[in-house]
1. Give me a count of the residues in the stretch 249-290 that are closer than 26 Å to residue 231 by Cα and assigned to a helix (DSSP H, G or I).
2. Can you work out which of the residues in the stretch 99-139 that are buried (at least 17 other Cβ atoms within 10 Å of the Cβ) and part of a loop (DSSP other than H, G, I, E, B) is modelled with the lowest pLDDT?
3. How many residues, within the stretch 7-28, are modelled with pLDDT of 70 or more, on the phi < 0 side of the Ramachandran plot and assigned to a helix (DSSP H, G or I)?
4. Does residue 222 meet the test of being modelled with pLDDT under 90 and outside the structural domain of residue 167 (by TED's automatic domain parsing)?
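The values are calculated or read from the model by the stated rules, or taken from the named source; none is laboratory data. Every value quoted in this text rests on a predicted model; they were computed, and no experiment measured them. Reconstructed Cβ throughout: ideal geometry from the backbone, glycine too, with neighbour counts over all protein chains shown.
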């Protein structure tokens, strides 16, 4: 992408972002696609392209035995489609492997995969025991290896936002050596601190610059706030994630769907049936909320409205409480659960 094309994309993004909360569903989806194109173009590492034979980083292409390749689980995307693997296998069988996979040599006869899991699976599907690979001979520092893996995955057009969030959390975990549950708490605290909502302890102040550096270096998410916005996707049902990945709904609508996914509805209506109506009528987020409410069992409607409001308020309180020490957090959370239990 040329500089002029990038400037044009950023101009269009700015125009759409000006619409704020009044932006239409179609423009939200358009904005999402433009942002993805911009993020890919501005990535400090261009996925795959730096590894092809014509690259200035040219390295020897070797035939590697597939059973000697280690594929770490943390950097593999979810939802590998068997049909797509079979389709890719047919293409490889007919045209050969157009782009070699990329590996790191471990020094003990094995190799660690950097990119190419689907190509490996497709080659195995064809009954082949070896695959063409570009092997990184030099020793790669852990942070550089993690960066390569991150960008090899997150800069692909077909990668879901779910996997991008997952990869980013894994990357932060590897860099800071902190448990993911703790990382989420830190991200929420930093986000609230940056918004001026809370004060943070010395530990968070110490780690904040390191987290900011990670966001600057990776450029997968533009900021802590950007990543925090998408953290709820980790708890979403796969059906909702598929609707989001196929651009049939926006992330805001996915949050609404997730809120009503396990509710009980009148006339034995299923969640899927209601979603089908919402999509067919191209409802806005507010219209979808009202539609869900209208289909809830009547005796539960008023109670559900109250509980939803309480849960939203408690959720905000819990986020702010993350700035407290562990003991105070537990004490506050227990008291909040008792209060909510009374309404339930």
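1. Residues in the stretch 249-290 being closer than 26 Å to residue 231 by Cα and assigned to a helix (DSSP H, G or I): 23 in total.
2. If we filter the stretch 99-139 for residues that are buried (at least 17 other Cβ atoms within 10 Å of the Cβ), which is where we start, we get 100-105, 111-123, 131-136.
Checking the rest, the ones that are also part of a loop (DSSP other than H, G, I, E, B) come to 100, 116.
Numbers: 100: 86, 116: 83.
The residue in question is 116.
3. Taking the stretch 7-28 as the starting set, the residues that turn out to be modelled with pLDDT of 70 or more are 7-20, 22-24, 27-28.
Checking which are on the phi < 0 side of the Ramachandran plot leaves us with 7-19, 22-24, 27-28.
Now restrict to residues that are assigned to a helix (DSSP H, G or I): 7-17, 22, 27-28.
Here the count works out to 14.
4. Details: modelled with pLDDT under 90: yes; outside the structural domain of residue 167 (by TED's automatic domain parsing): no.
Judged against the criteria, residue 222 is not a match.
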